Amino acid sequence: MTMNDKVLLETTVQLWRLAHSLEYKNNINGELVGKICYTTSFVLREILRTIIKDLAYVREIAQKIQGDPTLVLADLCEFLSLGYGRYSTSAARREFLVVSAILKEFRGGELTKEKLVVFLEMTSEQWLREFFEVPATVGSRRRIEGEEFLTSLDDRPDEMLNWIRQGPIPPPPPFPVGAASFLQYRGRDIAKVELAMGTAKAIEQDKRLLKILGRMKVNGREYDFIGRLKATTRGNWALGDVLIALETPSDVAIYTTDKHFTVICRALVRERYHGYLVNRPM
């Protein structure tokens, strides 16, 4: 068995696999046939904080509208095009994926507020189910579970599995409680990542990661994740790529479209899986 027979599905690839067009889904899943697939609870947290939160946002708008429900889509598209609110470029792209899913579902059919709300809730349940489902062989599927669902950052192994049972569209979860001690124990590896990121080409640098790592140091030298990294620490989610890479077993290749993993994997001597999607941001 080669390293590329074991693949970890990072957040960006999970987003493409769940929410993008059938062509992208089929091509990505086709590459996973026969492979042992991993993912992490932190990846699930990021999915809940992005595309699932986007579904909840559209549902919130839908529940408030009066009259023609198709105006929801018009208002949402106008909002995104003007760049208002809390949305980044990547968040806007995800919102348009939600709009696209709605248009495909109700193409030529009657759209009511009630139908739209039910569709958004069903889509959330479907995406969270497919998050764990990968091809076993052509035409059959299996579930990522047990040791293939990595949960070492969590308070309990079933923490996130219980979290997604809260409702059809679960709320965004908090930052994992185990992240501080996890990173503290791996301070030497973090230092390697920080050095590599700080000296990388500008296009490869993750400025948010460098900023939060700088804030984790005492007198600009030793890391103090246990003392400084909290669930409410500003910028803590920028540590996500490092947490995912460090939690990935050394014999598993990371499947990601995030360009920052080029630097992180090089620093940590991790393998990147060069598949159908490489360096294509979500």
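The values are calculated or read from the model by the stated rules, or taken from the named source; none is laboratory data. None of these values were measured; they are calculated from a predicted model. Note: ideal-geometry Cβ built from the backbone for every residue, glycine included; neighbour counts use all protein chains shown.
At-a-glance table
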item: Qualifying position, being at pLDDT 75 or above, part of a helix (DSSP H, G or I) and either surrounded by fewer than 17 Cβ atoms within 10 Å (Cβ to Cβ) or at positive phi (or both), among G30, G34; result: G30
item: Qualifying positions in the stretch 190-206 - in contact (Cβ under 8 Å) with a residue 40 or more places away in the chain and surrounded by fewer than 17 Cβ atoms within 10 Å (Cβ to Cβ); result: K192, L195, I203, E204
item: Test set (1) more than 19 Å from the chain's Cα centre (by Cα); (2) surrounded by fewer than 12 Cβ atoms within 10 Å (Cβ to Cβ) - R165 fails condition number; result: (1)
item: Count of the stretch 216-251 residues which are at negative phi, in a loop (DSSP other than H, G, I, E, B) and touching a helix residue (DSSP H, G or I) at 6+ places or on another chain (Cβ under 7 Å); result: 3
item: Count - residues of the stretch 96-124 that are modelled with pLDDT of 80 or more and under 16 Å from the mean Cα position of the chain (by Cα); result: 1
item: Unmet criterion (only one of (1) touching a residue at least 24 places away in the same chain (Cβ under 8 Å); (2) part of a helix (DSSP H, G or I)) for T257; result: (2)
item: Qualifying positions in the stretch 105-159 - surrounded by fewer than 12 Cβ atoms within 10 Å (Cβ to Cβ), small (G, A, S) and not in a helix (DSSP H, G or I); result: G108, G109, G139, S140
item: One residue from R93, R86 being in a loop (DSSP other than H, G, I, E, B), under 30 Å from A179 (Cβ atoms) and at pLDDT below 70; result: R86
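Quick grid of which residues meet (1) over 15 Å from A191 (Cβ atoms); (2) within 21 Å of the chain's Cα centre (by Cα):
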residue: D206; (1), (2): yes, yes
residue: I212; (1), (2): no, yes
residue: G220; (1), (2): no, no
residue: I226; (1), (2): yes, no
residue: K230; (1), (2): yes, yes
residue: L239; (1), (2): no, yes
residue: I244; (1), (2): yes, yes
residue: P249; (1), (2): yes, yes
